[in-house]
Structures are given as C-alpha cells and as structure tokens.
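Asker: Sharing a structure below in structure tokens format, with a few things to ask.
Coordinate-derived values only; no laboratory data. Everything quoted here is computed from the prediction, not taken from an experiment. Virtual Cβ from ideal backbone geometry, glycine too; neighbours counted across all protein chains shown.
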Amino acid sequence: MEHPENSSEYKGLTVNGGVEQPPLMNPYLGSMRRKRRPVLSADEYVEGILKGNVTILSQAVTLVESLRPEHQEIAQQVIEKCLPYAGNSVRIGISGVPGAGKSTSIDVFGLHVLERSGGKLAVLAIDPSSERSKGSILGDKTRMEKLSVHPDVFVRPSPSAGSLGGVARKTRETIVLCEAAGFDKIFVETVGVGQSETAVHSMVDFFLLIQLAGTGDELQGIKRGIMEMADGIIINKADGNNIEKAKLAANQFRNALHLFPAPESGWTPQVLTYSGFYNIGVKEVWDMVYNYIDFVKNNGYFEYRRNEQSKYWMYETINEHLRDSFYNNPLISSMLEQKEKDVLGGLETSFVAAKNLLETYWNEIRK
C-alpha cells in the first residue's frame, strides 16, 4: 500500500513499508504433530516392564489410572501377569502437614538410600487434583530436582482425582508394576494429614510422619489416629535458630506417644530431628527405618502386615465395584434426582429413600 506522505509535496519525509508480518498459523505445525503411540498388547507391556523399560512402565501406569473400560481391561491383565514378580521391595509411606518439606526431604532421602544400598527407587507422589481440570496442582516432580534426573529413579506424580483423602486410587496397583520392573525401594508421598494416611498405611511397610517445630501448632499435630499409625516421627528444619524448638517439639511428641497403646508390631516409634535442606540427621532417620524393617522381619510382623494389607485391598476393591455398579445402573441414575427432591421436600427420610433405592437395585440385579 502506497503512503500519501511519499508524494512529491512532502519532500524529505519517507514512510517505509514496514516488516512483513508472519502468518498467524505455524506453517510447520503439521509436521510437528506427534505420531500416535502404538497400542501394545498386555504381553508386550509385561515384557517391557520386566526388562525395566521406564517408558513402557509409565505407559502401563497411565493405563492403570485410566477410567476407560478398554484400558482397565488391559491394565488388569498386565497387573495379574506382573504379580508373581512383585513384593520384593521395601515400601515407605511419607506424610506430614502441608509445608513440612516432604518433597525436599524425599529428594535427600532418596539419594541417601541409593548411595547406602544401591538398587532402584520409585517415588509415587500423590498430588491433590485441581477441581476444574482434575490435574495435579503441586508439581512435586519439579521439587525433586536431583531424583527426577537420577538414572535409577522413577518419579511418578499422580493426581488424586478426588479419591479417599487425596490418595490416588490406583497407587496400590502401581506399586506392583514398579516392583516387577525391579524397583526395590518404593516411596509413597501423600497430600497431607487426613484420611489419606489410612489408605497409605495399608500399602506400606513403614509409615514416616514429618512434622515441623516453631509453627505454633505442635499440639495440633498430636492427633491420636495419625500418631498411632506412625512407625517413626521426624521433625524437619532442625537447623539454625530452630534447633531448640525442634528438640522441644520432639520431646512433646515422645511424651504423647507414651499415652498410646503399644503397636501390634512390638516396635516403639521413635521421634528424631533432622534438616532436609542442610542434609543434617538424615543417616539417623534411615538407621531407624532399617532397624524397624529388620525388627519386624525377625518377629514375623512384616509378612503378617503384608497379608493384612492384601486382605484390606480385596475388600476395598469389592466395595468400589459395588459402588460403581450401583451408581452406573441406568434405573438408579434415573431415580436419584427424584429421590433427592423427595428427601429435600420432606416427603421421605434419607434412610427410607436409601432403602428404596437399594431394594430397587437388588431387584434389578436379580432379574
């Protein structure tokens, strides 16, 4: 386009044409599109997992976490075939109040354990899910700077997807796949303090609770349920001006532990202080963990606990399938809205409405 300013009556004034603008669409976009991943069979997944192929392991975990029926069918076949190769790891559950430094501690703990005894480590970090996108919102993997690039470490952040207290529903099955792939150490990190600890406690051998000192809520951390589940309690950030506060908090937790009944394992839970950031006291923490594992293996509690966990997850799976079957039943789905209105309108009590729905469901099943 010719500018009028370039005419002879405006001598000495020139307007350049400017830089040509690039197209709005990237011309290379078509060639940059990723090729679709080939669909593997269950046997191919198992073969790759047993060889320790981390890419195939990641794909298998994705199948396990998927809600699509065709993915679930393949995932269950893979898990069943991997089961004979599982169970040869030490599973550690790590939890604590938000901000306690769980991810930083796991980064330090993982390196210490690998240097100490070698082997391979899998870290299953359970992220809380976004209510909008249902995806992970904490990005734990980005805060495990050293482990996430270590050749013998598999870090898998999984969104909790609204399941029990933030624990990923499929973590138990993921542990089986990781063990079959040769990972002899498994860390399971939970979102925080709450119901999630019950689920994690039922899938690990040692439950480690991380606490903080000097935050004004030491007594808030002393809750009967959490304390009774913990096999060891560690006070993080015991460095600098916080050392005395950490020692005081440790004494408070030790005194609280004396009020609780002795654990089934016969082990007396210990309370230690450490600093994940400065790598102080980490060896003592893992001396405690390994002493516990030796202790429960010698007295038979290790195998007993594993058996109890297997039984627990059998019943959990039954409950889950029954619940899904109930809510996915077309007749029940069509009745639920009306029953809600009846309850809110005072036409029926909650108990009568629930009883009617269940009777309808069982009658439908019997047909």
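Asker: Which of the peptides 46-57, 103-114 is most tightly packed, and how do the rest follow, going by the mean number of other Cβ atoms within 10 Å of each residue?
Answerer: Details: 46-57: 17.3, 103-114: 21.2.
Those peptides, ordered most packed to least, come out 103-114, 46-57.
Asker: So, one more: Fully extended, how many nm does the chain gain between Thr198 and Leu259 (0.36 nm per residue separation, minus their Cα-Cα distance)?
Answerer: Numbers: separation 61, 0.36 × 61 = 21.96 nm, distance 2.05 nm.
The span from Thr198 to Leu259 would gain 19.9 nm if fully extended.
Asker: Continuing with the same structure: On a C-alpha basis, how far is the centre of region 314-367 from the centre of region 228-271 in Å? Whole number, if you could?
Answerer: 45 Å
Asker: Working out 0.36 nm times the residue gap between Asn241 and Phe351, then minus their Cα-Cα distance, what length gain in nm do you get to one decimal?
Answerer: Values: separation 110, 0.36 × 110 = 39.60 nm, distance 5.64 nm.
Stretched fully, the Asn241-Phe351 segment lengthens by 34.0 nm.
Asker: Among Asp152, Asp205, which comes first, then next, by fewest other beta-carbon atoms within 10 Å?
Answerer: Asp152, Asp205
Asker: How long are the semi-axes of the equivalent ellipsoid of region 38-85, defined as square roots of 5 times the Cα gyration tensor eigenvalues? Whole Å, largest first.
Answerer: Working from the Cα gyration tensor, I get semi-axes of 16, 12, 9 Å.
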